[in-house]
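To start, the structure itself, in structure tokens.
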Amino acid sequence: MLDGLNVEMDPNNRPIYVTRPYLPPLEEFTPYLEKIWESHWLTNAGPFHQQLEPALAGHLGVGHLSLFNNATISLIVALQALRITGEVITTPFTFPATTHSLLWNGIRPVFADIDPVTLNLDPARIERAITPHTMAIMPVHCYGMPCDYMAIQEIADRRGLKVIYDAAHAFGVRADGTSVAGLGDMSVLSFHATKVFNTFEGGAIVSRDAEMKKRVDYLKNFGIADEVTVVGPGINGKMNEVQAAFGLLQLRYLADGQARRQEIDRYYRRELAGLRGIRLQEPLERVEGNYSYFPIRVEPGYGLTRDGLYDALRAREIYARRYFYPLMSELPMYRDMPSADPANLPVATRAARQILCLPIYAGLEKSDLDRVVSVIKEHI
Ligand SMILES: *Cc1c(COP(=O)(O)O)cnc(C)c1O
């Protein structure tokens, strides 16, 4: 499955990555490409784009979705569309795109600490970080675990703030029966190759109403309203037809991929339960997850440090990832900000040093999983 062409390869020496895109059979993609070749419509809201937008909105159970070329541009545009300036409260435990999208808008990121269980922004710490300059909150549903969205919305409503969720990890996740992709004033999704639904590169903004979607759609196309009218300082955030076609095909395989990742999640939970010094993130009952990540915490009782285990796995060609290390607050462009002081972020600082994400993807076979688990068990 990992490398079906190379039949002579010793299965015990195959590299295992933290994630690998789930590719539908190539011959199923060919008819889509033929249509594109026939129509010569390569980008700018072509027929596949027109189909994928409502199909995804339907799949996710949201009303107003705009496709993008990636999630980073989507985050930048979301902040533009909501006209956010000043300060935005955000998590240090995330991917660079979250924080950089603020800097690209001339906004000052203010880091608040995370909850030790969900690893998402702690609402009590958000409240303490609010100043007269705060205009919005940008939380991340880390590993697809939903944020405490009710508490966050309550703070936002009471203090007059906007909420923009980075939902890059949360494709298809539901909490209390509702889609997390519809939360906040806007939510941003990523369809990058490493995510559970991918269009090679891609992303989307979910807006609250049709009027806001219209503004987002102008902004992703240079602000162009018609041939002679440019209504705003837009950017190029458009998804092309090859990407949109691939997304439509992927939608058919999503359930298969998710079922396989759920099995892997169960297997890890069974094999790693109760190991000294290895702690798992417990699933919440009110959450339907997407099994996109499998984080473990390597604590002092284990035989190796987190980095020691990371190296031991690498020595066997198992490429686990230290998501998210270093913290955004430790990076050169952010570390001098007062909110970046590690004393302000003790929970995130500990998480960044203890967490390792194990391989989880649909093509991961039982023998691969056994290899991962046996390396972990060697060092208890
Ligand atoms: C992947 C990711 C992004 C960026 O997505 P792109 O589509 O690659 O731009 C943003 N935020 C988080 C949390 C991510 O994991």
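Residue by residue, region 227-235 carries 3J(HN,Hα) couplings of 3, 10, 10, 10, 8, x, x, x, 10 Hz when phi is fed to the Karplus relation 6.51 cos²θ - 1.76 cosθ + 1.60 (θ = phi - 60°); x denotes Gly or Pro.
Other residues with beta-carbon under 12 Å from the beta-carbon of D217 carry, at +1 per Lys or Arg and -1 per Asp or Glu, a net charge of +3.
The mean sequence separation of alpha-carbon pairs under 8 Å and at least six residues apart, normalised by the residue count of region 261-380, gives a relative contact order of 35 percent. When you filter the GluC sites (Glu not before Pro) in region 234-288 for DSSP loop state and at most 13 other Cβ atoms inside 10 Å of their Cβ, you are left with E285. Loop-only check: which trypsin sites (Lys or Arg not before Pro) in region 262-291 are DSSP coil with at most 15 other Cβ within 10 angstrom? Hits after loop and neighbour filter: R276, R286. By the Kirkwood approach, averaging reciprocal distances over each pair of separate Cα atoms, the chain gets a hydrodynamic radius of 21.7 Å. The string of couplings for region 171-181 from the Karplus curve (6.51, -1.76, 1.60, θ = phi - 60°) is 4, x, 6, 10, 10, 6, x, 10, 6, 6, 5 Hz, one whole number per residue in order, with x for Gly and Pro. Think of region 254-378 as having a plus end and a minus end, set by charges on the Cβ of Lys, Arg, Asp and Glu; of I360, N290, P300, P300 sits farthest toward the positive end of this dipole. Normalising the average separation of contacting C-alpha pairs (under 8 angstrom, six or more residues apart) by the number of residues puts the relative contact order of the chain at 23 percent.
Near T194, once Lys and Arg are set to +1 and Asp and Glu to -1 for all other residues with Cβ below 12 Å from its Cβ, the sum equals +2. Charges were assigned to the Cβ only: +1 to each Lys and Arg, -1 to each Asp and Glu. The resulting dipole of the chain about its Cα centre is roughly 740 debye.
Bridge orientation summary for the chain: considering DSSP beta bridges with both residues in this region, about 60 percent are antiparallel.
The string of couplings for region 192-207 from the Karplus curve (6.51, -1.76, 1.60, θ = phi - 60°) is 5, 3, 7, 8, 5, 10, 10, 10, 6, 10, x, x, 7, 10, 9, 9 Hz, one whole number per residue in order, with x for Gly and Pro.
No lab work stands behind these numbers, since they all come straight from the coordinates. On a predicted model such as this, the values are computed, not experimentally measured, just so you know. FYI the Cβ positions are ideal-geometry reconstructions off the backbone, even for glycines, and counts take in every protein chain you see.
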